[in-house]
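Asker: Okay, here's the structure, questions in a sec.
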Amino acid sequence: MSANETSPKKNLFQTVLRQFNTAADTINLDPDIRKIVAKPMNEISVNFPVKMDDGRIEIFSGYRVQHNNVLGPFKGGLRYHPAVDLDEVRALAAWMTWKTAVADIPLGGAKGGIQIDPSKYSIRELERITRRFTFALGDNIGPDYDIPAPDVNTNSQIMAWILDTYLQMKSPGERYRSTHVVTGKPIESGGSAGRDKATGQGVVFVIEQWAKDNNFDLTNGTYFVQGFGNVGSWAARLLKKFGTRLVGVEDASGAIINPAGIDPDDLCEYIEKNNYAIAGYPKAEPIDHNEFLRIKADIFIPAALENQITARTAPDLNVRLIAEGANGPTDIEGDRIVQEKGIDLIPDILCNAGGVIVSYFEWLQNKRSEFWELEEIDKKLHRIIINGYKKVTAAAETYKTDWRTAAYIVALRRLERVFKERGIFP
Ligand code: GLU
């Protein structure tokens, strides 16, 4: 649940459109389809009052942008962060459309959130804020229409409150078959085995594949990670099994380094007692943000917020691979510099798709009243994400492009086919 606060705010949706246009130009995307997917379908904006613990009323702003549902119901997380606004949510929603299309799962793209610093509120206040937001969204979400999930600063507890509130608003007959209105729920409330670690697991699966393809021995490799929330901490814990050495970590509380290695499990134990902040971890040295990005290692996993790899920071990077655990960590200029430097980059819409892939499994299990074992989940996740990886690397080869553009090409080709088959109503 950590996030780097240094991210400068800029037109994120412009970044999406520029990435999109590069790929659309490369494949000569049908101009009509280009027009359709360049805009989100629906944008919901709600302001709602909540009673605070001291009796005061505060007004909150929440959003849900539904970018596209031609491949299936709208799908995507909800984030609680002060930087949440319509532009950011719009960009994140579009990335979900591309992500589900690359993964080739029958879901569309959406994203939402509340503009809020959750650390400033008590747990009871967060519950009331979440329930009132769910009420304000009403039937704009639904189990076969638009299915939220966790994202930055939201977790399974928040999903359980959304589920409970949503069910209260339904007639008794509808309630029993609506548990799949959110994914990322606690296991007892209909969650899936492996959903918690899913995004980090997906990141590790693609890194493993990259290592295989490049004859790179992960056992002797080093890496550093930005963000030690759900994605960053799980990726680190799962990489431990390969012996890959974690040499630096950064979160909103600061950055730390230890060239001899940081044990991710030990760091997880530490943050649990330290308000989920890495600052003050005794088995590493504190360093500043700029030094952190200059760390010489094999792999960098940005797993925090957007716009971290930019014209300012990209020239300093000293790695072979960037595996984007976060959504949108690299801006357009950053991308160009990374390519010039010859650094491989596994783009967000492929690299962090593990979360939504296991969300899809959770949704299916709920619909069928089934419970799948972790082993089965991991096997299916591996198959889907590595299929995506292979399609993306093949497209990069065919079109002689970078992997981000290649991932967009895979997504746009799939959307283009479906639009052509179905046509436009009326
Ligand atoms: N928030 C995650 C993402 O950005 C997961 C979305 C989901 O599971 O629906 O991919």
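Asker: How many residues does the range 309-332 contain that are away from the ligand (no atom under 16 Å from the Cβ) and in contact with a strand residue (DSSP E or B) (Cβ under 9 Å, 6 or more places away or on another chain)? Write out each step before concluding.
Answerer: Going through the range 309-332, the residues away from the ligand (no atom under 16 Å from the Cβ) turn out to be 309-322, 331-332.
Applying the additional criterion that residues be in contact with a strand residue (DSSP E or B) (Cβ under 9 Å, 6 or more places away or on another chain) yields 309-310, 314, 317-322, 331.
Residues meeting the conditions: 10.
Asker: Could you tell me how many of the residues in the range 322-337 are acidic (Asp, Glu) and in contact (Cβ under 8 Å) with a residue 60 or more places away in the chain?
Answerer: Filtering the range 322-337 for residues acidic (Asp, Glu) gives 324, 331, 333, 335.
Checking which are in contact (Cβ under 8 Å) with a residue 60 or more places away in the chain leaves us with 331, 335.
Residues in the range 322-337 being acidic (Asp, Glu) and in contact (Cβ under 8 Å) with a residue 60 or more places away in the chain: 2 in total.
Asker: Check off (1) of a type in the set (Gly, Ala, Ser); (2) away from the ligand (no atom under 14 Å from the Cβ); (3) crowded, with 24+ Cβ neighbours inside 10 Å for SER369 and give me the number that stays unchecked.
Answerer: Checking SER369 against (1) of a type in the set (Gly, Ala, Ser); (2) away from the ligand (no atom under 14 Å from the Cβ); (3) crowded, with 24+ Cβ neighbours inside 10 Å, the one that fails is (3).
Asker: Within the range 125-148, identify whether any single residue is within 12 Å of the ligand (Cβ to nearest atom) and either more than 23 Å from the chain's Cα centre (by Cα) or of a type outside the set (Val, Ile, Thr) (or both), and answer yes or no.
Answerer: yes
Asker: Just to check your reading of the model, which residue among LYS240, LYS273 is closer than 25 Å to HIS81 by Cβ and free of Cβ contacts under 8 Å to residues at least 40 places away in the same chain?
Answerer: Numbers: LYS240 fails: closer than 25 Å to HIS81 by Cβ.
Residue meeting the stated conditions: LYS273.
Asker: How many residues does the range 243-281 contain that are within 24 Å of SER119 (Cα to Cα) and part of a loop (DSSP other than H, G, I, E, B)?
Answerer: 10
Asker: Tell me, which residue of the range 343-400 that is part of a helix (DSSP H, G or I) and acidic (Asp, Glu) is nearest to ALA304 (Cα to Cα)? Please lay out each step first, then the result.
Answerer: We begin by selecting, within the range 343-400, every residue part of a helix (DSSP H, G or I); these are 348-351, 354-368, 374-399.
Now drop any that are not acidic (Asp, Glu), which leaves 348, 362, 375-376, 378, 397.
Working: ASP348: 12, GLU362: 24, GLU375: 28, GLU376: 29, ASP378: 24, GLU397: 30 Å.
Once the filter is applied, the top-ranked residue is ASP348.
Asker: Related question: Would you say LEU218 is hydrophobic (A, V, I, L, M, F, W, C) and either within 15 Å of the ligand (Cβ to nearest atom) or within 24 Å of THR393 (Cα to Cα) (or both)? Explain how you work it out, then say what you get.
Answerer: Values: hydrophobic (A, V, I, L, M, F, W, C): yes; either within 15 Å of the ligand (Cβ to nearest atom) or within 24 Å of THR393 (Cα to Cα) (or both): yes.
Spelling it out, LEU218 is indeed hydrophobic (A, V, I, L, M, F, W, C) and either within 15 Å of the ligand (Cβ to nearest atom) or within 24 Å of THR393 (Cα to Cα) (or both).
Asker: Also, I was wondering about something else. Looking only at the range 340-364, count how many residues are of a type in the set (Asp, Glu) and more than 9 Å from the ligand (Cβ to nearest atom).
Answerer: From the range 340-364, those of a type in the set (Asp, Glu) are 340, 344, 348, 362; that's our starting set.
If we keep only those that are more than 9 Å from the ligand (Cβ to nearest atom) too, we end up with 340, 344.
Total meeting the criteria: 2.
Asker: So ALA193 fits all but one of (1) in a helix (DSSP H, G or I); (2) closer than 24 Å to LEU364 by Cα; what number is the exception?
Answerer: If we test ALA193 against (1) in a helix (DSSP H, G or I); (2) closer than 24 Å to LEU364 by Cα, just (1) comes out false.
Asker: Which one of LEU374, LEU364, LEU350 is closer than 19 Å to LYS197 by Cβ and without any contact (Cβ under 8 Å) to a residue 40 or more places away in the chain?
Answerer: Details: LEU374 fails: without any contact (Cβ under 8 Å) to a residue 40 or more places away in the chain; LEU350 fails: without any contact (Cβ under 8 Å) to a residue 40 or more places away in the chain.
Testing whether each residue is closer than 19 Å to LYS197 by Cβ and without any contact (Cβ under 8 Å) to a residue 40 or more places away in the chain leaves just LEU364.
Asker: Could you check, for the range 186-204, whether at least one of its residues is away from the ligand (no atom under 12 Å from the Cβ), polar (S, T, N, Q), closer than 22 Å to ILE385 by Cβ and surrounded by 15 or more Cβ atoms within 10 Å (Cβ to Cβ)? Spell out the reasoning first.
Answerer: Our first condition is that a residue be away from the ligand (no atom under 12 Å from the Cβ); within the range 186-204, this holds for 186-190, 193-194, 197, 201, 204.
In the following step, the residues that additionally are polar (S, T, N, Q) were identified as 189, 201.
Now narrow it down to the ones that are closer than 22 Å to ILE385 by Cβ: 201.
Checking which are surrounded by 15 or more Cβ atoms within 10 Å (Cβ to Cβ) leaves us with 201.
Yes, the range 186-204 contains a residue that is away from the ligand (no atom under 12 Å from the Cβ), polar (S, T, N, Q), closer than 22 Å to ILE385 by Cβ and surrounded by 15 or more Cβ atoms within 10 Å (Cβ to Cβ).
Asker: Just checking, does the range 53-67 include any residue being touching a residue at least 60 places away in the same chain (Cβ under 8 Å) and part of a loop (DSSP other than H, G, I, E, B)? Outline the logic, then answer.
Answerer: Keep residues of the range 53-67 that are touching a residue at least 60 places away in the same chain (Cβ under 8 Å), which gives 53, 60, 62, 64, 66.
Then keep just the ones that are part of a loop (DSSP other than H, G, I, E, B); that gives 53.
Yes, some residue in the range 53-67 is touching a residue at least 60 places away in the same chain (Cβ under 8 Å) and part of a loop (DSSP other than H, G, I, E, B).
Asker: Another question, if that's okay. Quick one: LYS212 ticks every box in (1) of a type in the set (Lys, Arg); (2) in contact with a helix residue (DSSP H, G or I) (Cβ under 6 Å, 6 or more places away or on another chain); (3) away from the ligand (no atom under 14 Å from the Cβ); (4) under 17 Å from ALA323 (Cβ atoms) bar one, so which box is it?
Answerer: The single condition LYS212 does not satisfy is (2).
Asker: Looking only at residues that are among the basic types (Lys, Arg) and over 16 Å from GLY113 (Cα atoms) in the range 32-76, which one is nearest to the chain's Cα centre (by Cα)?
Answerer: Of all residues in the range 32-76, those among the basic types (Lys, Arg) come to 34-35, 39, 51, 56, 64, 75.
Then keep just the ones that are over 16 Å from GLY113 (Cα atoms); that gives 34-35, 39, 51, 56.
Values: ARG34: 24, LYS35: 25, LYS39: 20, LYS51: 31, ARG56: 34 Å.
Ranking the qualifying residues of the range 32-76, first place goes to LYS39.
Asker: Can I ask one more? Could you check, for the range 344-364, whether at least one of its residues is surrounded by fewer than 24 Cβ atoms within 10 Å (Cβ to Cβ), more than 14 Å from the chain's Cα centre (by Cα) and within 17 Å of GLN209 (Cβ to Cβ)?
Answerer: The answer is yes; a qualifying residue exists.
Asker: Test ALA304 against the criterion of being more than 11 Å from the ligand (Cβ to nearest atom) and surrounded by fewer than 24 Cβ atoms within 10 Å (Cβ to Cβ), and give yes or no.
Answerer: Against the criterion (more than 11 Å from the ligand (Cβ to nearest atom) and surrounded by fewer than 24 Cβ atoms within 10 Å (Cβ to Cβ)), ALA304 does not qualify.
Asker: Could you tell me which numbered condition VAL225 fails, if it satisfies all but one of (1) more than 16 Å from the ligand (Cβ to nearest atom); (2) under 24 Å from GLU362 (Cα atoms); (3) β-branched (Val, Ile, Thr); (4) under 17 Å from the mean Cα position of the chain (by Cα)?
Answerer: (2)
Asker: Same structure again: Evaluate the range 151-169: report whether one residue or more is touching a Lys or Arg at 6+ places or on another chain (Cβ under 8 Å), part of a helix (DSSP H, G or I), in contact (Cβ under 8 Å) with a residue 40 or more places away in the chain and within 12 Å of the ligand (Cβ to nearest atom).
Answerer: Yes, that holds for at least one residue.
Asker: Moving on. Among the candidates THR15, THR97, single out the residue that is among the hydroxyl-bearing types (Ser, Thr, Tyr) and under 16 Å from LEU415 (Cα atoms).
Answerer: Details: THR15 fails: under 16 Å from LEU415 (Cα atoms).
On inspection, the qualifying residue turns out to be THR97.
Asker: Which number in (1) in a helix (DSSP H, G or I); (2) in contact (Cβ under 8 Å) with a residue 12 or more places away in the chain; (3) more than 30 Å from SER122 (Cβ to Cβ) marks the one condition that LEU29 misses?
Answerer: So the condition that LEU29 fails would be (1).
Only the coordinates and a few stated rules stand behind these numbers; no lab work does. Predicted model, so just to flag it, every value in this text is computed and none were measured. Because the Cβ atoms are built from the backbone with ideal geometry, glycine has one as well, and the counts that use them run over all protein chains shown.
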